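The values are calculated or read from the model by the stated rules, or taken from the named source; none is laboratory data. Treat the numbers as computed from the prediction; the structure is a model and nothing was measured. When we count neighbours, we look across all protein chains shown, and the Cβ atoms used for this are built from the backbone with ideal geometry, even at glycine.
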Amino acid sequence: MSAGTMTVLAGQVEAAAKSAGLVIVSSEQGADFTGAATTRFMLALPEDTTKTQLLEMSGGFEFGRADLLDTVKNYLAETAKRLKNPRPDCYLSLQGFPLSFGKFTWPVHASTSGADTFIVHGEIRLEDGGESLLHAKVSASMTVTFKEIFPSTEQPFAESFIYNAVRKTLDQGQLELVKSGNRQPVPVTTRYYSARQQRFVFNDTIEAQRQEFLAGKVYWLSGVLGGGAPVWLLDPRDAQYLNTTLDDLKKTVSALAGEGLIRLAADTEFATPTEALMGHASQYTQEIVEALAFIKPTFNEDMRGGHTNM
């Protein structure tokens, strides 16, 4: 990427970030998995630059296209909300895993192994408030057909459904959290997308499940990992993951507040845990124990001992 191209891109990102209430803390030239040049921007809220979000963009991104720019603006607006969380990098899975997402290399790139797929690499880590070493290096891949649904493979267009596909794959027991290990596959297929409805479909949930999910999110991301700071409960990324709407999530938040499990902040999209919710510590710890047992691979012990019917 030429210095001129990098300067133009930096100006475009800065203007879009400012419009969303963000500032660029730093920027540097990077490279995607194939070695192609990118620019890495560290975004933050003006009032708190200690928490940052990486935005990595290719120099050839067409900021002049209105359809692309609108998606970038929405992404940055969500980022500004997410950066108010005490741990903006953390998400909860339906299995009850509090996870951090990091080391993703954007944009999604064509496979270098000759396969007819597009790939992005990253890592998730179990964040249980201790010194857990459990993590999974992931390789999320999509087919050419799936890729063609989207106007761009840049981070603002792909990050949400990639993160949700990772959470869904872990929920299904198809990823293992380990202390060390090789990269594990996360297939991102058309089963996660309804062409008729033109939206993603990850998990069909009912109100009781959404209440359990949001209560767990407040417990872990605020009570355990966030020092009691408010967490954002109307995240569109979670709504997509739970196959619900923001209006439904608002009702769920109100129900939890009415039950005395969460305490709404001045901005009612955010909440903190009550003492009643924090009193469920043993329950949430047991959920992680059971979830880890669920995703652990099992083997046929007879076959391991050499006893087969062959």
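Consider residue 118 carefully, then state whether it is at pLDDT below 95 and not in a loop (DSSP other than H, G, I, E, B).
It is true that residue 118 is at pLDDT below 95 and not in a loop (DSSP other than H, G, I, E, B).
Which of the residues spanning segment 175-220 are modelled with pLDDT of 95 or more, among the polar types (S, T, N, Q) and under 18 Å from residue 297 (Cα atoms)?
184
Give the residues of segment 76-100 that are farther than 30 Å from residue 283 by Cα and either buried (at least 18 other Cβ atoms within 10 Å of the Cβ) or in contact (Cβ under 8 Å) with a residue 60 or more places away in the chain (or both), sorted by residue number.
Within segment 76-100, 76, 78, 79, 80 qualify.
Residues in segment 30-50 that are modelled with pLDDT of 90 or more and crowded, with 17+ Cβ neighbours inside 10 Å: how many?
6
Among (1) under 27 Å from residue 204 (Cβ atoms); (2) surrounded by fewer than 18 Cβ atoms within 10 Å (Cβ to Cβ), there is one condition residue 103 misses while meeting the rest; what is its number?
(1)
Considering only segment 53-72, I want to know if a residue exists there that is surrounded by 15 or more Cβ atoms within 10 Å (Cβ to Cβ), of a type outside the set (A, V, I, L, M), out of contact with any strand residue (DSSP E or B) (no Cβ under 8 Å at 6 or more places or on another chain) and at positive phi.
Within segment 53-72, none of the residues are surrounded by 15 or more Cβ atoms within 10 Å (Cβ to Cβ), of a type outside the set (A, V, I, L, M), out of contact with any strand residue (DSSP E or B) (no Cβ under 8 Å at 6 or more places or on another chain) and at positive phi.
Looking only at segment 118-176, filter to residues that are touching a Leu at 6+ places or on another chain (Cβ under 7 Å), among the polar types (S, T, N, Q) and over 20 Å from residue 75 (Cβ atoms); which one of those is surrounded by the fewest Cβ atoms within 10 Å (Cβ to Cβ)?
Among those that are touching a Leu at 6+ places or on another chain (Cβ under 7 Å), among the polar types (S, T, N, Q) and over 20 Å from residue 75 (Cβ atoms), it is 132.
Scan segment 123-148 residue by residue and report those that are touching an Asp or Glu at 6+ places or on another chain (Cβ under 9 Å) and farther than 19 Å from residue 171 by Cα.
Correct list: 143, 144.
Within segment 77-88, is there a residue that is outside any loop (DSSP other than H, G, I, E, B) and farther than 30 Å from residue 21 by Cα?
Scanning segment 77-88, I find no residue that is outside any loop (DSSP other than H, G, I, E, B) and farther than 30 Å from residue 21 by Cα, so the answer is no.
Residue check: is residue 179 of a type outside the set (Phe, Trp, Tyr) and in contact with a strand residue (DSSP E or B) (Cβ under 7 Å, 6 or more places away or on another chain)?
no
Could you please give the count of residues in segment 132-146 that are out of contact with any helix residue (DSSP H, G or I) (no Cβ under 6 Å at 6 or more places or on another chain) and either assigned to a loop (DSSP other than H, G, I, E, B) or within 11 Å of residue 190 (Cβ to Cβ) (or both)?
6
Run residue 156 past the list (1) touching a Phe, Trp or Tyr at 6+ places or on another chain (Cβ under 7 Å); (2) over 16 Å from residue 99 (Cα atoms); (3) in a loop (DSSP other than H, G, I, E, B) and report the number of the one that doesn't hold.
(3)
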